[in-house]
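Have a look at the structure below, then the notes.
The values are calculated or read from the model by the stated rules, or taken from the named source; none is laboratory data. As the structure is a prediction and not an experimental result, all values here were calculated from the model. Every residue, glycine among them, receives a Cβ derived from its backbone with ideal geometry; neighbour counts consider all protein chains shown. Areas reflect the complete protein model, heavy atoms only, side chains present, ligands, DNA and RNA absent. Shrake-Rupley method; radii C 1.70, N 1.55, O 1.52, S 1.80 Å.
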Amino acid sequence: MTPSTAERPPMPIEDFEELASVAPDGVRLEFVDGRVRTKDPLSVEDFEELERRAPETVRLEYINGKLEVKAMPDGKHRSIYVWLVRQFLLHRPDLDLVPESGVKVEAYRRGRARTDAALAPVDHFVDHGEWSETEGILLALEITSHDRDTNQRDRVDKPVGYAEATIPVYLLVDRDNCTVVVYSEPKDGHYQQSPSYPWGAVIELPPPVSITLDTEPLKRYAD
C-alpha cells in the first residue's frame, strides 16, 4: 500500500455532515478519523434507507456488519474498467459487465456490496431493484482505489462476502501492487483458489467466465 493510500480518508467532513443530516430516525452517525461509523447496530433495512438518502457523492456499502464508504473512482480506475469492458465484449458478447451493481452478499444475504462491476448474461439486471440477488452473476469486479480502507474492504471483507454469496469468480485489479487476483471455487464462505498475477501476465479466467486476459495493457495505468 502506498503512503498516499494510507493517508487519504474515504470521506470529507462536508459529505459526512450532509449524510448525517438525512439519516433515518434512529440511525446515529459519527465521524472518527475520517471514517463514518454508526453509534448503534445497523439493520439492513436502515442501511438501505440511508443509502437511498445519501448524497450523490457518497457511495455506501454494508459489509461484515459495518457501514463502509466506497471511494469515488479516479481517471485510471475508470480507464481500467473501460478496458475490461472491451475485453469481455470481445470474448463474451453474450455477457454484460454492468458497472456499480449493488448485490446482496454474505451468508443469508445480510450484506450489501456495491461492486465496481458485475458480469452476467445480457439484460440480466433489467427487472432488478437497487440490490440484486447473486444468482446469475458470474463474476464480481473490484478495482482498488487510493483510500486507506481499500485493504480491508477489497482484500479482506469482499472475498468473504462474495464467496458466501457463491459468486463463482471475484476479480480484483490491485493498483497498489500492480497485480490481478483471481478468486474462484467458493466453498463454505471462502474461495478455494486465489492466484495473483503481475500486470502483463496472460490470465485464464476459470469457468463459468472462461476467457483469456492479456493484461499487458494494464501497465499503462500504473501509478
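Could you grab me the full set of residues in segment 28-75 that are touching a helix residue (DSSP H, G or I) at 6+ places or on another chain (Cβ under 6 Å) and over 23 Å from PRO159 (Cα atoms)?
Scanning segment 28-75 gives LEU29, PHE31, ALA54, PRO55, THR57.
Provide a single number: the residues in segment 155-188 that are touching a Gly at 6+ places or on another chain (Cβ under 8 Å), farther than 28 Å from GLY34 by Cα and open to solvent by 10 Å² or more (accessible area, probe 1.4 Å).
So the count comes out to 1.
Show the residue pairs that are 6+ apart or on different chains and have beta-carbon atoms under 6 Å apart, the first residue being within segment 132-159 and farther than 15 Å from LEU171 by Cβ and without any contact (Cβ under 8 Å) to a residue 24 or more places away in the chain, the second being open to solvent by 10 Å² or more (accessible area, probe 1.4 Å) and of a type outside the set (Val, Ile, Thr).
Between residues of segment 132-159 that are farther than 15 Å from LEU171 by Cβ and without any contact (Cβ under 8 Å) to a residue 24 or more places away in the chain and residues that are open to solvent by 10 Å² or more (accessible area, probe 1.4 Å) and of a type outside the set (Val, Ile, Thr), the close pairs are GLY136/HIS124.
Give the residues of segment 189-223 that are closer than 18 Å to LEU90 by Cβ, touching a residue at least 60 places away in the same chain (Cβ under 8 Å) and open to solvent by less than 50 Å² (accessible area, probe 1.4 Å), sorted by residue number.
LEU205, VAL209, ILE211, LEU213, PRO217, LEU218
Suppose we filter segment 148-168 for residues that are over 23 Å from GLU48 (Cβ atoms) and in contact with a helix residue (DSSP H, G or I) (Cβ under 9 Å, 6 or more places away or on another chain); how many remain?
3
At least 1 residues that are open to solvent by 50 Å² or more (accessible area, probe 1.4 Å), aliphatic (A, V, I, L, M) and at pLDDT below 95 in each: list the strands (runs of 3 or more DSSP E) lying fully within segment 81-154 that qualify.
The strands (runs of 3 or more DSSP E) meeting that bar number zero.
Return the residues of segment 165-207 that are at positive phi and outside any strand (DSSP E or B); say none if nothing qualifies.
Within segment 165-207, THR166, CYS178, ASP188, GLY189, GLY200 meet the criteria.
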